[in-house]
């Protein structure tokens, strides 16, 4: 648990860990130079499983997370931000899963969003499965406070890099290049969403970090560096589907398909099916006027991936668009 000026929520975060039904753990809290009542609150707890260490001043989140990797004694490192709350069976579920899947290096899960007062505001659902490594090509499919990671895999990857505030995505992606990663289909935490607006500076930092990660993804797939392709890929990863026409997104999908065929980073059939499904979703979302040529003539189309239901929807959408165009004329 990284802690910096967390007086408003850290008590509940700590209590949620101490209340876990799985009890064989240490709660390692890294104080990153807090100047509020955070330390007073931590000191109220007397549970011997709590170990508090201090940075020499405020060093930032990347430094603090790496300090946690260095200090941790366990085989697995479970992340919980100091404003989130772990459900009582969180550790038990993840330990059980990783024990039965020894090849998997990361185990995450689902979350329920809460506001500043702790009221539930909705569900945070991410893709679940035993190996979701290819999904990290398109989005950060992990909720950071749900992660349990093999410490050996974190060390092997070199820990967190200075990609803040997307350092967790960068590390998860790099680990996924060497090991299978997974998400459970069950809620593990209450994830607190704050109402504070993201500053322009913070927005720029997020953008720059994510663009660097996508550039690394392209490099690892052998895709020649192309700033425009990287930015289009980023628009897709941020679900900005309507920001461009599907035709503009198509070169990204085709470059990913060719890159994986050449590099062999992911099983080709699995990867191609994921590409097709995402391409189909994009076409349906954007309501293209010429959906049939885009659907059938792109290099993403393969009959083995197509369902009858999808075909019916594509033809219905194409018919609807054509009738609409005729009425406009």
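Brief remarks on what is shown
- The selection criterion, being in the same structural domain as residue 10 (by TED's automatic domain parsing) and part of a strand (DSSP E or B), does not hold for residue 94.
Yes or no, residue by residue, for (1) surrounded by fewer than 16 Cβ atoms within 10 Å (Cβ to Cβ); (2) touching a residue at least 60 places away in the same chain (Cβ under 8 Å); (3) outside any loop (DSSP other than H, G, I, E, B):
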{"position": "284", "(1), (2), (3)": "no, no, yes"}
{"position": "293", "(1), (2), (3)": "yes, no, yes"}
{"position": "299", "(1), (2), (3)": "yes, no, no"}
{"position": "304", "(1), (2), (3)": "yes, no, yes"}
{"position": "312", "(1), (2), (3)": "yes, no, yes"}
{"position": "319", "(1), (2), (3)": "yes, no, yes"}
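- The set of residues in segment 8-24 being assigned to a loop (DSSP other than H, G, I, E, B) and buried (at least 17 other Cβ atoms within 10 Å of the Cβ) consists of 9, 20.
- Every listed requirement among (1) under 25 Å from residue 194 (Cα atoms); (2) at pLDDT 95 or above; (3) part of a loop (DSSP other than H, G, I, E, B) is met by residue 117 save one, (2).
- Flag for residue 207 being outside the structural domain of residue 175 (by TED's automatic domain parsing), in contact with a helix residue (DSSP H, G or I) (Cβ under 9 Å, 6 or more places away or on another chain) and closer than 28 Å to residue 60 by Cβ: yes
- Residues that are farther than 13 Å from residue 3 by Cβ and under 27 Å from the mean Cα position of the chain (by Cα) were ranked within segment 25-56; the one that is surrounded by the most Cβ atoms within 10 Å (Cβ to Cβ) is 25.
- Picking from residues in segment 124-149 that are part of a strand (DSSP E or B) and in contact with a strand residue (DSSP E or B) (Cβ under 6 Å, 6 or more places away or on another chain), the one that is surrounded by the most Cβ atoms within 10 Å (Cβ to Cβ) is 149.
- Residue 83 being buried (at least 20 other Cβ atoms within 10 Å of the Cβ) and assigned to a loop (DSSP other than H, G, I, E, B): yes
- Test set (1) modelled with pLDDT of 95 or more; (2) surrounded by fewer than 14 Cβ atoms within 10 Å (Cβ to Cβ) - residue 270 fails condition number: (1)
The values are calculated or read from the model by the stated rules, or taken from the named source; none is laboratory data. Predicted model, so just to flag it, every value in this text is computed and none were measured. Neighbour counts run over all protein chains shown; Cβ positions are idealised from the backbone, glycine included.
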